[in-house]
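In what follows, a single structure is set out as structure tokens and then discussed.
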Protein chains: 4
Amino acid sequence: MPLPEEFHALARKVNNWGRWGTEDERGTLNLLTDEAVRRGVAAARTGKRFSLALPLSQNGPQLGFIPGRINPIRTMISLNEPLTGDASQVCFSDDMVVMGVQAATHWDALAHASYDGRIYNGFGAATVTAAGAARCGIDKAGPILGRGVLLDVARALGVERLDSGYAISSDDLSAAADLAGVAVEPGDLVLVRTGQMRLLHAGDKMGYLAPVAGLSLRSVEWMREHDVAAAATDTVVFEVFPWERDDAPLPVHLLHLVEMGLTQGQNFDLEALAADCADDGIYTFFLSATPEPLANGLGGMVAPVAIK
Amino acid sequence: MPLPEEFHALARKVNNWGRWGTEDERGTLNLLTDEAVRRGVAAARTGKRFSLALPLSQNGPQLGFIPGRINPIRTMISLNEPLTGDASQVCFSDDMVVMGVQAATHWDALAHASYDGRIYNGFGAATVTAAGAARCGIDKAGPILGRGVLLDVARALGVERLDSGYAISSDDLSAAADLAGVAVEPGDLVLVRTGQMRLLHAGDKMGYLAPVAGLSLRSVEWMREHDVAAAATDTVVFEVFPWERDDAPLPVHLLHLVEMGLTQGQNFDLEALAADCADDGIYTFFLSATPEPLANGLGGMVAPVAIK
Amino acid sequence: MPLPEEFHALARKVNNWGRWGTEDERGTLNLLTDEAVRRGVAAARTGKRFSLALPLSQNGPQLGFIPGRINPIRTMISLNEPLTGDASQVCFSDDMVVMGVQAATHWDALAHASYDGRIYNGFGAATVTAAGAARCGIDKAGPILGRGVLLDVARALGVERLDSGYAISSDDLSAAADLAGVAVEPGDLVLVRTGQMRLLHAGDKMGYLAPVAGLSLRSVEWMREHDVAAAATDTVVFEVFPWERDDAPLPVHLLHLVEMGLTQGQNFDLEALAADCADDGIYTFFLSATPEPLANGLGGMVAPVAIK
Amino acid sequence: MPLPEEFHALARKVNNWGRWGTEDERGTLNLLTDEAVRRGVAAARTGKRFSLALPLSQNGPQLGFIPGRINPIRTMISLNEPLTGDASQVCFSDDMVVMGVQAATHWDALAHASYDGRIYNGFGAATVTAAGAARCGIDKAGPILGRGVLLDVARALGVERLDSGYAISSDDLSAAADLAGVAVEPGDLVLVRTGQMRLLHAGDKMGYLAPVAGLSLRSVEWMREHDVAAAATDTVVFEVFPWERDDAPLPVHLLHLVEMGLTQGQNFDLEALAADCADDGIYTFFLSATPEPLANGLGGMVAPVAIK
């Protein structure tokens, strides 16, 4: 089944191929200029910090539906082992970890999604091999930090949590920006809150995983027009799931990652930050969210921190 | 062989047990107050960024001497896999990773080292089990960010790289602070440069691993007096190796992690940052270096970024 | 809660500590003498083979209830990679695997279970460390092969599958031996069929995992009297689960592994073999079931084959 | 560089495509008929057993030259953990393992090698994907057991160990069969001893890995003429390395795996077995060497046992 003309029209509108050169592998992260970073730094006023990462734990959100996307398993490789054989001297405990890169809080690399044999900037999908992403891997992203803006769509629509399956539109994003009293600027890092994370906090993993409120086809132009540098949500899918049109599965992944080169973040825990923003009415902050530089990685774990 | 009295005397001098309460598991990270963070933010002036992380790669620094401390191995769990079976629609490439937590750029958790049955704050070493660190795990650290100060000891001593095995003293640290023109303040994050990373850049892994220039017994009081929040170096061992006194193996680990509760970072790549500091004469910056919150982890991977 | 006197009395009766010397780490596997092996070889008459192993697959029986006991995840480390860069010459595809040792078809090492600080033969439980089993690890087992006897308890009791939670007694084992027309001899390898595997074949993983029909306290003397070399079942728990007495959790593990030194096998797929035995009335065969020799392993994966 | 005509001529001579049907994925393992298995069983006379597996250990033979082919790392997921919280009752120690499938003693799946886009029986190399071998995976092999014949080439040539890099010919194999006094029959399992394992036993891993004595182009017809069911050696490469002709890298892999469908085994420890055969002059035995049935695996770990 071919993708519908509506999708292709939108793709043409938001496409960024070539915008930063034919060899570019970073897409909208190029918008993180020194100036954008300074704007981000200026948004840190009080020094109050919010960690947005899920713990890396075997009790993480994954339930095994995606083969290999396993919750982090951390095991001991030494346990109070005396270096010299004498426990009154130095002893060490070390560990190792195995995990699905996309299991917890992470950024998708631009190479994570493809269609019609292409990834971002027109590179062939075949540049992704068993050795990983030769092009547009997460190791090409570099530091992801700048001004963060919380778009609390749930609060803007007057609910604690969007209905699972709610499709977020450009109007919803504008409403959230209005609530925040913020004009989103080129190079901002946007955190879109659905409230879905409340399900995970409440222990409802199945409910957390699906269905999922998220960005819809009708939100993509907004992201392009505002020249957002990267966007993350508090869900596992990022976009609305199930998808809206039978003939366009997970279209936002394709429009963001492939067409725009917009790096996407998932499983960001926005609850404590959102409560604070609601409290003081300030929805901007410095966001520091640099992924682990996995060589040729299709994604990268990240421990994001917001500083207000 | 008992640890020498000199060690114990030093331990008593620098000890921080109880300083932040009997239940404290964060040690000197408590010095990262809102004020210290604001001081850090103020040190970001231009927005120029420096990534201090080694790539997570199977070509990483480990050579297999420490069983289980393996370089990161990232393998594909799906490769341009069409979600609906139709490759003209959305296809995904996902990966997983297995690695020694301490293999590349990382922070040691306070629970990483013990002696005489104790970890930081007097908790029993037996609180570390096959399930990891019940106390003082890296998941207790929280955000690590604030004002970073580069103490370029190599440059202060007029060399590109300290001799492998050079033992850094308090005087050396003071000389580097003088070079930097910085008064290190409580809650600062200190990066100590030896230049050892040049060996790794040059492909000399064996040389990089040992011997190692690093902090010595004679540097510990300096760290305590300046109330440093956390310290990292550009080596795999952090302290000088081989150690100086036969009767005190790896004493700085014990004095930092166990006695002071000072979180230590290893394998920070300081070369590009150091070149820039030498260039503009400015050795302070905002340092964002929050570890992956591995539940009960004995360490945490980190992708540190300095912003000048 | 102390273990009940009934348990301790039984423990004294079946105990094998010291029987094969104070340094023995193999327990009843010592009964696999050359003669016992020859008896096994003689039981292979037609050459017909039955694989008793579950596939090592991410779709394996584990559902995540036991942290770390993950189904096997096999990923590619190279994929038709041309050795010389030229795909018209030799290309290789390699893989790696990560799995819980006890995830699929496996033998428990004697060191797998302990109580009151002891494992088999009185060795301290503390001989098991983060480095694994210094004593009684699976690497001490050696070849496990000899005469296999299928005790089809389900068929002996006239059902296709024992009720989940059914507690198998000595009488049941005798009934199955009668059905088989076999006198179990010292050094035989006994496969006890409950039919529970049918649940897994039918896709009912939850039903397969619990509750479980299995060997009960009232079967242990039978195993000891017949001097069985090793025993395996077609379930994940091996013994009846939930256990029969509140004050004696999983007692058969303790009596077999710790007291008798009887190596136990789990998740053996006995369905095809059982059908053939029912067909031709012959319940003995050569069983070849040597575990992977994992150094210091608490268990070992095994690909058992029965030859009739 | 195209493969030379000599190679192609040999390929045509030994090719088995279609011999067992167009859908066959087992190649010469089809020769393991009931009769061949009975012949194997008859070769077990005394019941004496020899384990041919290397221990699965982090001290295994791999030195890191092949990315991802890591020695087995076995870590604890529980350590004498009381099931009910009471250590006077049942406690469990469990483990997990991560390893390169081809790291220690293993069989290559037929899908392990390809050239010109083909694997065994003409299936496309593209049937191997990130999900593994859809065709000719190790899970298709089934039980590998039958009559084993030790061809002790080193002994036949009057040395303890063949020179590293020695290229074994058909004449050498015949000489070893003569020494053994055995006529190799269709469906036999052949173990070719070079003595290279002595280097590993002596701790010389580098010497063990390369160069390697092994089967050469001039041995392939012998294997085909004798209709061997599977062949294994005591080296890491199986065939002679470095290869003999610049224009034909690792040709035996292609001729065995791709053209003949002959399953190959590596890292079989033949030392103790060979000593016994030299002792009693009997070079045949029952060989039980069924691989772990890794779903879609490109190879399978195996714990082979010879019974004389």
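Observations, loosely collected:
- Residue in region B:205-219 that is in contact with a helix residue (DSSP H, G or I) (Cβ under 9 Å, 6 or more places away or on another chain) and closer than 27 Å to A:A306 by Cβ present: no
- The set of residues from region C:241-281 being more than 14 Å from chain D (Cβ to nearest Cβ), in a helix (DSSP H, G or I) and either surrounded by 17 or more Cβ atoms within 10 Å (Cβ to Cβ) or in contact with a helix residue (DSSP H, G or I) (Cβ under 9 Å, 6 or more places away or on another chain) (or both) comprises C:M260, C:E271, C:A274, C:C277, C:A278.
- Filter pass, B:P2 being within 29 Å of A:H253 (Cα to Cα), in contact (Cβ under 8 Å) with a residue 12 or more places away in the chain and either open to solvent by 40 Å² or more (accessible area, probe 1.4 Å) or in contact with a helix residue (DSSP H, G or I) (Cβ under 7 Å, 6 or more places away or on another chain) (or both): no
- Residue match in region B:19-40 (condition: at positive phi and either open to solvent by 60 Å² or more (accessible area, probe 1.4 Å) or without any contact (Cβ under 8 Å) to a residue 24 or more places away in the chain (or both)): yes
- Of residues in region D:54-71 being closer than 26 Å to D:I307 by Cβ, at the interface with chain C (Cβ under 7 Å from one of its Cβ atoms) and part of a loop (DSSP other than H, G, I, E, B), the one least open to solvent (accessible area, probe 1.4 Å): D:S57
- When residues in region C:259-278 are screened for being touching a strand residue (DSSP E or B) at 6+ places or on another chain (Cβ under 6 Å) and under 17 Å from C:R224 (Cβ atoms), 2 of them pass.
- Criterion violated by A:R12 - all others in (1) among the basic types (K, R); (2) farther than 30 Å from B:A43 by Cα; (3) open to solvent by 70 Å² or more (accessible area, probe 1.4 Å); (4) at the interface with another protein chain (Cβ under 7 Å from one of its Cβ atoms) satisfied: (4)
- Filtering region B:73-110 to residues that are more than 7 Å from chain A (Cβ to nearest Cβ), under 30 Å from the mean Cα position of the chain (by Cα) and not hydroxyl-bearing (S, T, Y) leaves B:I73, B:A103, B:A104, B:H106, B:W107, B:D108, B:A109, B:L110.
- Some residue of region B:74-82 being assigned to a loop (DSSP other than H, G, I, E, B), without any contact (Cβ under 8 Å) to a residue 40 or more places away in the chain, open to solvent by less than 30 Å² (accessible area, probe 1.4 Å) and over 21 Å from B:F268 (Cβ atoms): no
- Residues that are part of a loop (DSSP other than H, G, I, E, B), facing chain B (nearest Cβ under 8 Å) and in contact with a Ser or Thr (Cβ under 8 Å, 6 or more places away or on another chain), drawn from region A:29-53: A:G47, A:A53
- Annotation: C:D108 fulfils all but one of (1) of a type in the set (D, E); (2) within 30 Å of D:F65 (Cβ to Cβ); (3) touching a helix residue (DSSP H, G or I) at 6+ places or on another chain (Cβ under 8 Å); the unmet one is (2).
- Candidate set: region B:114-163, residues that are touching a helix residue (DSSP H, G or I) at 6+ places or on another chain (Cβ under 7 Å) and aromatic (F, W, Y); chosen: the one farthest from the other protein chains (Cβ to nearest Cβ): B:Y120
- Only residues that are over 26 Å from A:V302 (Cβ atoms) and in contact with a Cys (Cβ under 8 Å, 6 or more places away or on another chain) were counted across region B:102-126, and they come to 8.
- Counting only strands (runs of 3 or more DSSP E) that sit wholly inside region B:91-177, those with at least 1 residues that are open to solvent by less than 20 Å² (accessible area, probe 1.4 Å) and among the β-branched types (V, I, T) are B:91-100, B:145-152.
- Applying the condition of being under 30 Å from B:T33 (Cβ atoms) and among the charged types (D, E, K, R) to region B:189-219 and asking which residue is least open to solvent (accessible area, probe 1.4 Å) yields B:R193.
The values are calculated or read from the model by the stated rules, or taken from the named source; none is laboratory data. The model shown is predicted, which means the values in this text are computed figures rather than measured ones. Please note: Cβ atoms are built from the backbone with ideal geometry, for glycine as well, and neighbour counts cover all protein chains shown. Side chains are part of the model used for accessible areas, which takes the heavy atoms of the whole protein and leaves out ligands, DNA and RNA. Shrake-Rupley method; radii C 1.70, N 1.55, O 1.52, S 1.80 Å.
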